[in-house]
Amino acid sequence: DSPGLVTSANKTFAINELLAIEVTPSVIDYGKMQATNISLDDVNMTVTNRGNMPFNVTVEGYGEIPLDSLAMRCETGTIPIGNQRYSANHSRPITSMVPLTGIATEIKNFTLSQRTDDTALGLSSNLTHWKLQIPSGVSGLCNGTVVFRTFLGP
């Protein structure tokens, strides 16, 4: 820079759309449950928009491989995919929650706004609430996968 030099210029540029999602914690942990139990408390998952566009969210799941109709594969037995349920509303009975499927399904009323302030999440973050029902004949450690995806809403 030179002392006393004053000038200005304009430059136009485009910022590409960035769809970026963060889901925390990284595991939906129902804790220790017995066969025929329904999880009592919701397991809350925080979904945050880390991109620069408002977006909606879909979820889908599988036990071992996509479209296997399972929520989880266990040491003994399996848990059908419809036994894992979610809601955008807190403290719902499992019968009022949406059954997970193997196909990407939009979480209704769950648009996440573009983040505009790094010091305050505001509407760029929201919770999903999860419950699980264990069928009879299931025991041991169980694992499955839930996939959260973003898409631009209407």
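The values are calculated or read from the model by the stated rules, or taken from the named source; none is laboratory data. Quick caveat: nothing in here was measured; it's all calculated off a predicted structure. Please note: Cβ atoms are built from the backbone with ideal geometry, for glycine as well, and neighbour counts cover all protein chains shown. These area figures cover heavy atoms from the full protein model, side chains too; ligands, DNA and RNA do not enter into them. Shrake-Rupley method; radii C 1.70, N 1.55, O 1.52, S 1.80 Å.
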**Flag for ARG85 being in a strand (DSSP E or B), under 13 Å from the mean Cα position of the chain (by Cα), of a type in the set (Lys, Arg) and closer than 17 Å to VAL43 by Cβ** = yes
**Asked** Quick one: what pairs do we get from segment 45-64, first residue closer than 12 Å to LEU112 by Cβ and free of Cβ contacts under 8 Å to residues at least 60 places away in the same chain, second among the basic types (Lys, Arg) and open to solvent by less than 10 Å² (accessible area, probe 1.4 Å), C-beta under 7 Å, 6+ apart or different chains?
**Response** none
**Item:** Filtered residues of segment 9-35 (kept if within 24 Å of the chain's Cα centre (by Cα), farther than 17 Å from THR48 by Cβ and of a type in the set (Gly, Ala, Ser))
**Value:** GLY31
**Prompt:** How about segment 33-49: which of its residues are surrounded by fewer than 14 Cβ atoms within 10 Å (Cβ to Cβ) and within 18 Å of PHE148 (Cβ to Cβ)?
**Reply:** ASN44, THR46
**Matching option when the condition is touching a Gly at 6+ places or on another chain (Cβ under 7 Å) and either within 17 Å of THR128 (Cβ to Cβ) or in contact (Cβ under 8 Å) with a residue 24 or more places away in the chain (or both), among ALA88, ALA71** = ALA71
**Prompt:** If only one of SER87, SER113 is surrounded by 13 or more Cβ atoms within 10 Å (Cβ to Cβ), more than 25 Å from VAL138 (Cβ to Cβ) and of a type in the set (S, T, N, Q), which one is it?
**Reply:** SER113
**Message:** So in segment 100-117, with the set limited to residues that are polar (S, T, N, Q) and part of a loop (DSSP other than H, G, I, E, B), which one is modelled with the lowest pLDDT?
**Reply:** THR116
**Message:** Whether any residue in segment 89-99 is in a strand (DSSP E or B), in contact with an Asp or Glu (Cβ under 9 Å, 6 or more places away or on another chain), under 21 Å from VAL23 (Cβ atoms) and of a type in the set (Val, Ile, Thr) is what I want to check.
**Reply:** no
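Could you please let me know if ILE103 is over 21 Å from THR24 (Cα atoms), open to solvent by less than 60 Å² (accessible area, probe 1.4 Å), over 13 Å from the mean Cα position of the chain (by Cα) and of a type in the set (A, V, I, L, M)?
Details: over 21 Å from THR24 (Cα atoms): yes; open to solvent by less than 60 Å² (accessible area, probe 1.4 Å): no; over 13 Å from the mean Cα position of the chain (by Cα): yes; of a type in the set (A, V, I, L, M): yes.
When the stated conditions are applied, ILE103 does not pass them.
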**Message:** I'd like the full set of residues that are within 15 Å of THR145 (Cβ to Cβ) and either in contact with a Pro (Cβ under 8 Å, 6 or more places away or on another chain) or open to solvent by 60 Å² or more (accessible area, probe 1.4 Å) (or both), limited to segment 61-79.
**Reply:** GLU64, ILE65, PRO66, LEU67, SER69, LEU70, ALA71, ARG73, ILE79
**Message:** Is it the case, given these coordinates, that LEU123 is closer than 24 Å to PHE151 by Cα, open to solvent by 20 Å² or more (accessible area, probe 1.4 Å), at pLDDT below 90 and not in a loop (DSSP other than H, G, I, E, B)?
**Reply:** yes
